[in-house]
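Peer 1: Before I ask anything, here is the structure I am working with.
The values are calculated or read from the model by the stated rules, or taken from the named source; none is laboratory data. Here the structure is a predicted model, which means the values were calculated and not measured. Cβ placement follows ideal geometry from the backbone for every residue including glycine, while neighbour counts extend to all protein chains displayed.
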Amino acid sequence: MRRLTVALLLWFSIASANPASTHATPTPGKALEFPADYGSHPDFRTEWWYVTGWLTTERGESLGFQITFFRSKPDIADDNPSAFSPRQILIAHCAISDPKRGRLWQDQRVRRAGMGLAQAAQGDTEVSIEQWSFMRQEGRYLARIRAEDFSFDLEFEATQAVLVNGEAGLSRKGPSAGATSYYYSVPHLRVSGSLTRSGERSTVHGEAWLDHEWSSEYLDADAVGWDWLGINLDDGGALMAFRIRGPHGEQRWAGGTLRSANGAVDILKPEQVGFRETRRWISSRTAISYPVEWVVRAGDLTLNITPLLDDQENDTRLTTGAIYWEGAVRASVAGVSVGRGYLELTGYGDRLRLP
């Protein structure tokens with residue numbers, strides 16, 4: 001893994017020194033089309049399929065989990081004839097938040113696309129890196145992950161329609177009109193399957209959230225990272241909210257989507273979203289301080305956000321070069337639980353640089 005990562009860094013450095021590739025740009029007013037937009041968009045610089053959620057084991061344990069596949073198009077000449085040219089890079093992360101053991105199980109993979117080792121198919125969701133895969137078949141998602149000391153075999157069934165974020169799927173990420181992404185979510189996925197940790201297999205069930213996003217200019221030059229929240233509300237509603245932070249921690253941009261229990265959708269403007277931290281946790285490994293408890297305002301809804309456990313720091317320096325916090329959280333109002341989901345905090349150590 002380490003040798004491969006060094007090779008990829010070398011490829012990226014060569015590509016950056018000789019930028020000749022072109023990347024697609026979003027088209028305002030172009031509506032998302034399914035099933036085509038479930039699949040890969042290889043002309044865009046960066047893309048990810050992100051599945052997060054809560055699982056309950058047969059023994060009643062609560063666990064958080066995360067499965068992510070990234071696709072990146074490096075700045076390499078499109079007409080480069082070499083079969084070894086890394087025209088597309090595939091990266092995958094997975095993690096289990098385990099409060100009983102007080103730890104985050106995590107693993108990562110990186111490969112260049114092709115050679116039968118890694119792919120991100122067009123037309124529908126089908127991404128894989130060797131024994132790691134996430135795909136959509138007959139309306140259901142399937143994840144098969146064989147990590148170093150744990151594994152997933154999970155099935156995800158959609159119980160609600162796709163949640164289109166932004167203006168018809170075009171989500172603004174900064175003051176510049178160019179800082180945009182195509183973005184949709186699938187909340188309230190019903191999860192079933194099995195999880196194996198250190199050779200011990202457990203039957204699990206639960207609920208998850210899927211994000212699929214692609215862009216060529218996700219962050220502008222003055223952005224250092226983001227805070228993102230996805231909550232499956234107990235009444236059947238769903239909330240996605242985010243803010244982009246500037247170099248002094250200020251809110252540079254914000255947005256979100258709130259779907260009520262009756263299906264009404266509210267696209268949130270920057271002034272309708274607020275993140276106020278209420279408690280921090282400092283990592284003993286990296287000394288990074290993360291705000292792990294929040295009060296989040298999204299339109300008329302205000303939620304208190306608390307983590308399943310404090311230590312949900314992800315170290316992905318071998319693949320994306322980033323260290324960030326991402327973990328399972330509870331949402332409550334006046335002390336009463338109203339939902340569960342995931343919180344992601346990036347750019348609290350070094351400025352986030354997307355693959």
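Peer 1: For segment 18-73, name all the residues that are surrounded by fewer than 14 Cβ atoms within 10 Å (Cβ to Cβ) and of a type in the set (Lys, Arg).
Peer 2: Result: Lys30, Arg59.
Peer 1: Another question about this same structure. Can you give me the number of residues within segment 163-190 that are in contact with an Asp or Glu (Cβ under 6 Å, 6 or more places away or on another chain) and surrounded by fewer than 19 Cβ atoms within 10 Å (Cβ to Cβ)?
Peer 2: Final tally of qualifying residues: 3.
Peer 1: Name the pairs: first residue in segment 281-310 and of a type in the set (Phe, Trp, Tyr) and modelled with pLDDT of 95 or more, second residue in a strand (DSSP E or B) and surrounded by fewer than 17 Cβ atoms within 10 Å (Cβ to Cβ), Cβ to Cβ under 7 Å, at least 6 apart or on different chains?
Peer 2: From segment 281-310, the pairs are Tyr290/Arg280; Trp294/Arg276; Trp294/Glu277; Trp294/Thr278.
Peer 1: Could I ask something else about it? If you check Ala143, Ala223, Ala158, which single one turns out to be farther than 21 Å from Ser72 by Cβ and aliphatic (A, V, I, L, M)?
Peer 2: On inspection, the qualifying residue turns out to be Ala158.
Peer 1: Look through Gln160, Gln137, Gln131 and report the one residue that is polar (S, T, N, Q), closer than 20 Å to Ile91 by Cα and out of contact with any Asp or Glu (no Cβ under 8 Å at 6 or more places or on another chain). Steps first, answer last, please.
Peer 2: Values: Gln160 fails: closer than 20 Å to Ile91 by Cα; Gln137 fails: closer than 20 Å to Ile91 by Cα.
Residue meeting the stated conditions: Gln131.
Peer 1: Right, Ser283: closer than 29 Å to Val162 by Cα, surrounded by fewer than 21 Cβ atoms within 10 Å (Cβ to Cβ) and hydroxyl-bearing (Ser, Thr, Tyr) or not?
Peer 2: Numbers: closer than 29 Å to Val162 by Cα: no; surrounded by fewer than 21 Cβ atoms within 10 Å (Cβ to Cβ): yes; hydroxyl-bearing (Ser, Thr, Tyr): yes.
Judged against the criteria, Ser283 is not a match.
Conditions (1) at pLDDT below 95; (2) among the charged types (D, E, K, R), marked per residue:
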| position | (1), (2) |
| --- | --- |
| Pro81 | yes, no |
| Arg87 | yes, yes |
| Pro99 | yes, no |
| Met115 | yes, no |
| Gln122 | no, no |
| Glu130 | yes, yes |
| Phe134 | no, no |
| Gly139 | yes, no |
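Peer 1: Counting only residues that are in contact with a Lys or Arg (Cβ under 8 Å, 6 or more places away or on another chain) and modelled with pLDDT under 95, how many does segment 196-219 have?
Peer 2: Matching residues across segment 196-219 total 6.
Peer 1: Of everything in segment 162-204, what is more than 30 Å from Phe44 (Cβ to Cβ) and aliphatic (A, V, I, L, M)? Give them in sequence order.
Peer 2: Leu195, Val204
Peer 1: Same structure again: Report whether or not Thr286 is within 19 Å of the chain's Cα centre (by Cα) and outside any strand (DSSP E or B).
Peer 2: So Thr286 does not fit the description; no.
Peer 1: Would you pick out the residues in segment 26-52 that are among the hydroxyl-bearing types (Ser, Thr, Tyr) and under 21 Å from the mean Cα position of the chain (by Cα)?
Peer 2: Kept after step one, since they are among the hydroxyl-bearing types (Ser, Thr, Tyr), are these residues of segment 26-52: 27, 38, 40, 46, 50, 52.
Passing the criteria: Tyr38, Ser40, Thr46, Tyr50, Thr52.
Peer 1: Further question: Going by what's in this entry, would Asp234 be described as closer than 23 Å to Phe44 by Cα and among the charged types (D, E, K, R)? If you could, list the steps in order and put the result at the bottom.
Peer 2: Working: closer than 23 Å to Phe44 by Cα: no; among the charged types (D, E, K, R): yes.
No, not satisfied.
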